[in-house]
Every structure is written in structure tokens, then in C-alpha cells.
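K.L.:
Encoded as C-alpha cells, here's the structure I'll be asking about.
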Amino acid sequence: MADKDAPSHEIIPEHKVLSKEDSEKVLADFRVSRLQIPKIRIKDAALVGKGAKAGQLVGITRLDGSQYYRLVVE
């Protein structure tokens with residue numbers, strides 16, 4: 001039976017829910033609003049067990065070290 005926590009597979013990059021302070025820094029650094037950040041659904045398999053809530057930002061770190069951000073939506 002599959003584990004109910006976030007899937008761990010080499011092709012799934014690390015997803016981390018950002019703190020409010022880190023989220024504000026990302027928005028300021030990129031000079032964008034929350035609505036301009038690409039979206040990720042709260043039910044996305046990569047967010048299972050992460051405690052993400054709608055409106056939070058998620059940082060995604062790929063294997064090559066590149067960093068991406070997504071806004072969690074319902």
C-alpha cells in the first residue's frame with residue numbers, strides 16, 4: 001500500500017511551504033504580486049503531507065538547483 005505522505009520519487013522536486021516572511025521576500029525580489037505567481041492546486045500530489053493552505057507560496061527546488069515558486073489554490 002502506498003504511503004499517505006508526500007510522494008518521494010527522484011523525478012518529484014522538493015516542495016517546501018514558505019513562511020510569510022520568505023513569501024514576502026520572494027514577492028519583493030521578483031517585484032510581483034501573489035496573483036502573478038503561477039498556481040499549484042492544494043490537492044497536487046507533491047503537496048500531500050506538507051500542510052499547505054490556499055494563499056501560501058511553495059518553493060520548488062529542482063535537481064539542478066533551480067528554484068521556482070507557486071501559489072497554492074483550492
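The values are calculated or read from the model by the stated rules, or taken from the named source; none is laboratory data. Just so it is clear, the structure is predicted and the values come from calculations on it, not from any experiment. Because the Cβ atoms are built from the backbone with ideal geometry, glycine has one as well, and the counts that use them run over all protein chains shown.
K.L.:
I need the full set of residues from region 29-46 which are within 9 Å of Val72 (Cβ to Cβ) and assigned to a loop (DSSP other than H, G, I, E, B), in order please.
P.N.:
Filtering region 29-46 for residues within 9 Å of Val72 (Cβ to Cβ) gives 39-42, 44.
Matches in region 29-46: Ile42, Asp44.
K.L.:
Then there is this: What's the number of the condition Glu74 fails, among (1) touching a residue at least 12 places away in the same chain (Cβ under 8 Å); (2) surrounded by 11 or more Cβ atoms within 10 Å (Cβ to Cβ)?
P.N.:
Here Glu74 clears every test but (2).
K.L.:
Can you tell which of Gly49, Gly59 is touching a Leu at 6+ places or on another chain (Cβ under 7 Å) and either of a type outside the set (Asp, Glu) or part of a loop (DSSP other than H, G, I, E, B) (or both)? Reasoning before the result, please.
P.N.:
On the way: Gly49 fails: touching a Leu at 6+ places or on another chain (Cβ under 7 Å).
Exactly one residue qualifies, and that residue is Gly59.
K.L.:
Residue under question is Asp44, and the condition is that it be closer than 19 Å to Ser66 by Cβ, more than 11 Å from the chain's Cα centre (by Cα) and not aromatic (Phe, Trp, Tyr); does it hold?
P.N.:
Working: closer than 19 Å to Ser66 by Cβ: yes; more than 11 Å from the chain's Cα centre (by Cα): no; not aromatic (Phe, Trp, Tyr): yes.
So Asp44 does not fit the description; no.
K.L.:
Taking the condition of being buried (at least 17 other Cβ atoms within 10 Å of the Cβ) and free of Cβ contacts under 8 Å to residues at least 40 places away in the same chain, how many residues in region 45-56 meet it? Can you show your working first?
P.N.:
Step one: of region 45-56, the residues buried (at least 17 other Cβ atoms within 10 Å of the Cβ) are 46-47, 50, 52, 56.
Those left that are additionally free of Cβ contacts under 8 Å to residues at least 40 places away in the same chain: 52, 56.
Total meeting the criteria: 2.
K.L.:
In this structure, does His9 turn out to be surrounded by fewer than 11 Cβ atoms within 10 Å (Cβ to Cβ) and at pLDDT below 95?
P.N.:
On the way: surrounded by fewer than 11 Cβ atoms within 10 Å (Cβ to Cβ): yes; at pLDDT below 95: yes.
In short, yes.
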